[in-house]
Every structure is written in C-alpha cells, then in structure tokens.
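Some notes on the structure that comes next.
The values are calculated or read from the model by the stated rules, or taken from the named source; none is laboratory data. Remember, it's a predicted structure, so these values are computed and weren't measured experimentally. Neighbour counts run over all protein chains shown; Cβ positions are idealised from the backbone, glycine included.
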Amino acid sequence: MSDTSPKGALYAALAAAREKCKPAEKGSKNDELFWSRVARGDGDYACWLWLGARVHNGYGHLRRSGVDWYAHRYAFFLERGPEAIPAGLDLCHRCDVRHCVNPGHLFVGTRLDNMRDAKRKGRIRSGDRHGLRLHPERVARGERQHCARLSENDVREIRRLAAEGAVQRALAKRFGVSRGAVRGVLSGQNWRHVS
C-alpha cells in the first residue's frame, strides 16, 4: 500500500528523481570530480571536508542532473549505494562538522535520533541557554512587530475598559482588531510585556 500523504508523495518524488540521477559507477568521471572537491584529513578518524559550495546552514551542496544534494548525503550514496538512506530518514554526523563527507562519520537515523544526538552534544540551546532568553531585546515584541495593529497604549486602554465591564466584541470593533486579538490581550497570551 503506498503512502498518499503529501509527505509520502514528496519522498516518492525525491526517490524517483534520485533514481534517475544515480551517481555513476565508482571510478567514473563524476565520482572523481566529486572526490576532487574533498580534502581528506590525516588519520583514520579525521574529517573529509567538502571544498565545494555550501548552503547558508554550513552543509556542503552540489547539483547533479538537476537534483540538489547535500554533499554528505551524496558521499554516503556513492560509498554505500542507493538503498543506504531509506526515504524519510536523516543522515547524521557523528563528528558534528556539517561539511564533513567522510562516510565513516555518518549514520542513518530518524529526525528524533538526530535531535537527541544534537541535544546530548549541546548543539541545541534550550532553557536558559536559548537565544530568546539570552537576548530578549532581539525579539520584536509589541509595536516593534511589523504586523502589529495595536500600540502599547491601546493594549492598556483595552485592559482598562475590560476591567470596567466593556464587552470583547465592542472592544474589537473600537480598536479595529478581531475578538481573538482582544482575548489574547486580556488573557495575557499576547502583549504580556505590557503592564
């Protein structure tokens, strides 16, 4: 039975595209071109660094037959074959170097495995180490939010009028926002930084 969900369709389309542009046999021109862009470190456990293009998140990137590949996935594909990375699974780095393409540093796992591995190694900041907690001034709140329809004074006025018995529907109409926006202000879900 085939997966008809959008995600299943996406995985099927990716598998078909990658099947169409399988890497050539070992020792081919494409294979040699790929590995010529890799700096192999000294020693058995050293990283093999991708020298070609990288995307914004630091992973190596290449295009083959119109299909975009992360370099580490392509290297793993070359070394282990087309069945090495089942659809829907991640290819995780043991070394945590995003542009490393050493197949010995890579393992197949679920997204949850990848996230747990990253958290265990301290690569995911959470709690008091999270960026929003370390630098709250960087978060656009209230009027600094580009789509804000209310000002801080409006929020104070909504809260004052509600305390005096004004109905949410009337407040929403008066300030030109939805009842949900007024409810968010009154419940403290939104604009909680305004006292």
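Here are the numbers for this structure:
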quantity: Members of the stretch 52-70 that are at pLDDT 90 or above, part of a loop (DSSP other than H, G, I, E, B) and touching a helix residue (DSSP H, G or I) at 6+ places or on another chain (Cβ under 9 Å); calculated: 52, 53, 59
quantity: Matching helices (runs of 4 or more DSSP H) fully within the stretch 74-193 where at least 1 residues are under 20 Å from the mean Cα position of the chain (by Cα) and not assigned by TED's automatic domain parsing to the domain that holds residue 32; calculated: 131-134
quantity: Test: residue in the stretch 62-71 that is hydroxyl-bearing (Ser, Thr, Tyr) and crowded, with 18+ Cβ neighbours inside 10 Å; calculated: yes
quantity: Hits in the stretch 105-117 (condition: in contact (Cβ under 8 Å) with a residue 12 or more places away in the chain and surrounded by 12 or more Cβ atoms within 10 Å (Cβ to Cβ)); calculated: 105, 106, 107, 108, 109, 110, 113, 114, 117
quantity: Scan of the stretch 158-167 for residues that are closer than 15 Å to residue 190 by Cα and not hydrophobic (A, V, I, L, M, F, W, C), ordered by number; calculated: 159
quantity: Yes/no for residue 101 being among the aliphatic types (A, V, I, L, M), modelled with pLDDT of 90 or more and closer than 27 Å to residue 37 by Cβ; calculated: yes
quantity: Options 162, 166, 181, 170; residue that is among the aliphatic types (A, V, I, L, M), free of Cβ contacts under 8 Å to residues at least 40 places away in the same chain and loosely packed, with under 14 Cβ neighbours inside 10 Å; calculated: 170
quantity: Among the candidates 91, 171, 112, residue that is over 30 Å from residue 80 (Cβ atoms) and either touching a strand residue (DSSP E or B) at 6+ places or on another chain (Cβ under 6 Å) or hydrophobic (A, V, I, L, M, F, W, C) (or both); calculated: 171
quantity: Hey, residue 129 of a type in the set (D, E, K, R), loosely packed, with under 12 Cβ neighbours inside 10 Å and in contact with a helix residue (DSSP H, G or I) (Cβ under 8 Å, 6 or more places away or on another chain) or not; calculated: no
quantity: Residue list for the stretch 72-90, filter: closer than 16 Å to residue 34 by Cβ and either without any contact (Cβ under 8 Å) to a residue 12 or more places away in the chain or surrounded by 19 or more Cβ atoms within 10 Å (Cβ to Cβ) (or both); calculated: 72, 73, 74, 75, 76, 77, 78, 81
